[in-house]
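This report concerns only the one structure given below.
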Amino acid sequence: MIKADFHIHTVLSPCGDIEMTPVNIVNVAKERGLSVIGICDHNSTLNARVVREVGAECGVYVMTGAEITTSEEIHVLIFVDGNEALDKLQKYIEKHINRVPNNPDLFGYQPVIDRCENILDQVDYLLINSTDLSIDDLEDYAGSSGAIIIPAHINKPSNSLISQLGFIPAGSRFNAVEIFPESPLSPADREACSCYRMLTSSDAHYTHHIGKFYTELDVNLPISFNNILDALK
């Protein structure tokens, strides 16, 4: 059994703390006994690869992807395997995000950084804006690309599957659903979730939140994308 926190933001997310750098994230994850973490900044993958590289050196497996905001304003975690798939996902998001100029004084900076915390670039459009992709579009993308798709914090009062749609669509092709422990989940919604794996994650934007909530998974070793996918099944 391993501990996994699938929902962690870096400093690239405008709401992410300045201390959410690759080295800090991996070090804190390791200190807290996490074997797997998911890097999923808002509508961008640009800091995910460097966190994975640092994690590989420190014995922490890093799932790479993004937290995509759909046209319905639903937050959805998408994870892919390998650099080619990650680059393809980034281009897919960039094609579909509604580009509104970022105001760093209002929303925060959006830096792309390296492992030494040098700023390589800054995203000039607001990453917490929505895309024009529906939840169905993301399910189609995941199905065609072999990605893992997990609706985020489905029971939060905003930007969640339940808050935006009012229900969990029957026959959805999710690999799991993420439950936020600090928000209530009604008996009816829990029943609707019963056909999916239910995960808990931290949604960490600060280092002290990493691993606050996590999921234990029975994963075959060595840890890999496919073995995590099998564990979710």
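Every read-out reported here was derived from the displayed coordinates using simple, explicitly stated rules and does not represent laboratory data. The shown structure was predicted, so the numbers you read here are calculated from the model rather than taken from an experiment.
Using a Gaussian network model of the chain whose springs link C-alpha atoms within less than 10 Å, name the residue from Gly82, Gly211, Gly38 with the highest mean-square fluctuation.
Ranking Gly82, Gly211, Gly38 by mean-square fluctuation puts Gly82 first.
Output the antiparallel fraction of DSSP beta bridges having both residues in the chain, as a percent to the nearest 5. Kindly include the intermediate steps, with their values, before the conclusion.
Details: 19 of 32 bridges.
Roughly 60 percent of the DSSP beta bridges within the chain come out antiparallel.
Restricting things to Cα coordinates, could you compute the convex hull volume per residue of region 99-194 in Å³?
Numbers: hull volume 15.6 nm³, N = 96.
Normalising the Cα hull of region 99-194 by residue number yields 163 Å³.
Just the Kirkwood number for region 1-78, please: inverse of mean 1/r across all distinct Cα pairs, in Å, one decimal.
Numbers: mean 1/r = 0.0806 Å⁻¹.
The answer is 12.4 Å.
May I ask for the percentage of alpha-carbon pairs in region 2-232 that lie more than 32 Å from each other? Can you show the working numbers first?
On the way: 3033 of 26565 pairs.
Tail of the P(r) past 32 Å holds 11 percent of the pairs.
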